[in-house]
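Asker: My structure is below; once you've seen it, I'll send some questions.
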Amino acid sequence: MSTHTDPIHTEFTQTEVPDHGTHDIYATSSADEQASEGAHVFNAAGGDWNDLVDEATSLGEERIVVNMGPQHPSTHGVLRLILEIDGETVTEARAGIGYLHTGIEKNMEYRSWVQGVTFCTRMDYLTPMFQEAAYCLAIEKLLGVTEQIPERASVIRVLMMEMTRISSHMVCLGTGGMEMGATTVMTVAFRERERLLRVIEMITGLRMNNAYIRPGGVVQDVPPGSIDALREMVPEIRRGLGELEALLNENPVLKGRTVNVGVLDLAGCMALGITGPVLRSTGLPHDLRKLDPYCGYETYDFDVITRTSQDAYGRLRIRIDEMYESLKIIEQATDRLQASEGPVMVEDKKIAWPAQLALGSDGLGNSLDHIREIMGSSMESLIHHFKLVTEGFRVPPGQVYQAVESAKGELGCHLVSDGGTRPYRAHFRDPSFNNLQAVAAMCEGSQIADVIVAVASIDPVMGGVDR
């Protein structure tokens with residue numbers, strides 16, 4: 001580092017590390033205090049990095065504080081881990097979040113109830129269907145139309161959520177394997193995920209951020225050929241899962257990296273509000289699909305997978321077994337879709353999306369036949385369409401909490417309505433946000449390399465954490 005005393009260099013140094021003892025350049029001047037009429041003004045005066053370094057210096061201990069992320073690929077996005085290390089041993093671990101903050105929840109307050117679907121689907125971008133389902137189920141509770149949702153719409157919702165669950169778990173296993181040096185695990189997992197995304201795109205028009213589940217049902221019925229595509233997909237994914245099991249389950253290198261790594265017991269999970277595969281790896285069969293069913297999950301035959309190892313290896317095995325259970329649910333949902341017909345949107349025209357949408361090369365859009373009808377034959381239909389699309393429906397005043405079992409744990413949606421055409425408040429309990437609290441408990445006392453494995457076993461997605 002240069003030691004010259006260039007004025008610009010000196011000024012920058014003073015700004016970066018202010019001398020809090022004698023002259024704080026961030027402190028409020030007396031003139032400012034008078035202008036604010038005695039109000040206290042608090043300004044940011046440094047970050048946690050400087051605090052940790054100062055503390056280490058004052059104690060006279062030889063400690064090293066390092067940043068893991070936010071640009072590191074194995075932090076699963078822009079997660080910053082502040083690690084205090086003694087040699088290779090992690091003595092303190094803290095998560096720094098907020099680098100991907102999008103303001104989605106605040107934005108939803110300025111959009112209609114239907115437009116909110118397009119926002120919340122983008123939070124955890126690997127589990128879009130779960131966010132859409134939780135949000136729409138919450139709106140339907142406020143509207144009092146939960147019992148009026150067509151059965152076929154609920155079956156399609158279950159089908160889409162279970163495909164999304166497998167897709168999310170595939171990303172978790174693939175990226176986790178790559179972080180430990182197993183590139184083949186990544187290629188196999190992403191190959192199988194592509195099979196799912198092709199079918200999801202066939203049904204919704206999009207691979208991700210689908211905005212397919214809407215208040216009152218789903219946008220449109222599954223198109224012709226979907227049942228055949230689902231029938232072909234399931235055995236192919238079963239074969240792919242078999243390959244993953246052969247690569248992972250009894251692999252001595254993988255077991256050496258994951259067994260007794262990232263350990264968190266039941267008491268720790270309960271204290272931190274941890275859910276999903278991390279909680280089920282302690283032996284507790286907590287799954288909202290069984291405990292508080294929604295969308296008719298109580299009518300499907302599947303098992304809640306648990307293990308008792310409480311470590312990263314147990315969570316990996318749980319996710320593999322959960323994918324097999326999801327395939328069982330997909331087969332049952334496919335049978336129900338093939339055996340029945342019916343509407344996929346609630347009958348109440350004051351709630352149901354008015355346009356008859358069609359799937360085109362550019363995704364879902366208004367069908368030309370429907371536009372011709374409302375433009376050329378029915379002024380009332382045109383007015384209703386215009387009002388419902390531009391302004392939206394009104395939701396009675398009240399508040400509601402609706403939770404679903406996402407791939408990562410309990411995903412909750414808390415909505416408050418003041419009787420208007422848009423949410424007064426929308427807030428989501430994203431499982432990645434809560435589960436990320438476990439980083440310190442899992443990592444402190446372990447090796448630096450084990451931090452990567454522990455974070456991968458939590459499977460956080462920063463879009464859901466920061467929102």
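The values are calculated or read from the model by the stated rules, or taken from the named source; none is laboratory data. Computed from a predicted structure; not experimentally measured. Quick reminder, even Gly has a Cβ in these numbers, built from the backbone with ideal geometry, and neighbours come from all protein chains shown. For the accessible areas, the whole protein counts, side chains as well, though only heavy atoms, and no ligand, DNA or RNA atoms are used. Shrake-Rupley method; radii C 1.70, N 1.55, O 1.52, S 1.80 Å.
Asker: Return the only residue of Tyr99, Tyr110 being part of a loop (DSSP other than H, G, I, E, B) and at pLDDT below 90. If you could, list the steps in order and put the result at the bottom.
Answerer: Numbers: Tyr110 fails: at pLDDT below 90.
Matching residue, one of Tyr99, Tyr110: Tyr99.
Asker: Could you go through segment 392-401 and let me know if any residue there is basic (Lys, Arg), at pLDDT 90 or above and farther than 17 Å from Leu264 by Cα. Even if it seems obvious, please write down each step before you answer.
Answerer: Residues of segment 392-401 basic (Lys, Arg): 394.
Now drop any that are not at pLDDT 90 or above, which leaves none.
Taking every residue of segment 392-401 in turn, none turns out to be basic (Lys, Arg), at pLDDT 90 or above and farther than 17 Å from Leu264 by Cα.
Asker: Could you list all residues from segment 262-315 that are under 30 Å from Asp335 (Cα atoms), in a helix (DSSP H, G or I) and open to solvent by less than 60 Å² (accessible area, probe 1.4 Å)? Spell out the reasoning first.
Answerer: Pass one, segment 262-315, residues under 30 Å from Asp335 (Cα atoms): 276-277, 280, 285-306.
Next, only the ones that are in a helix (DSSP H, G or I) stay: 277, 280, 288-291, 297-299.
Selection gives Pro277, Arg280, Leu288, Arg289, Tyr297.
Asker: Here is a further query. For segment 418-435, what are the residues that are open to solvent by less than 10 Å² (accessible area, probe 1.4 Å) and either modelled with pLDDT under 90 or touching a helix residue (DSSP H, G or I) at 6+ places or on another chain (Cβ under 6 Å) (or both)?
Answerer: Of the residues in segment 418-435, the ones open to solvent by less than 10 Å² (accessible area, probe 1.4 Å) are 423, 426, 428, 430-432, 435.
Within segment 418-435, Pro423, Ala426, Asp430, Ser432, Asn435 qualify.
Asker: Further question: Please work out which one of (1) open to solvent by less than 10 Å² (accessible area, probe 1.4 Å); (2) touching a helix residue (DSSP H, G or I) at 6+ places or on another chain (Cβ under 6 Å); (3) over 17 Å from Met345 (Cβ atoms) is the condition Ala134 fails and give its number.
Answerer: All conditions pass for Ala134, except number (2).
Asker: Taking the condition of being closer than 20 Å to Glu194 by Cα, in contact (Cβ under 8 Å) with a residue 40 or more places away in the chain and not hydrophobic (A, V, I, L, M, F, W, C), how many residues in segment 227-276 meet it?
Answerer: 6
Asker: Now, a different point. Is it the case that some residue within segment 168-183 is in contact with a strand residue (DSSP E or B) (Cβ under 8 Å, 6 or more places away or on another chain), at pLDDT below 90 and buried (at least 20 other Cβ atoms within 10 Å of the Cβ)?
Answerer: No: segment 168-183 contains no residue that is in contact with a strand residue (DSSP E or B) (Cβ under 8 Å, 6 or more places away or on another chain), at pLDDT below 90 and buried (at least 20 other Cβ atoms within 10 Å of the Cβ).
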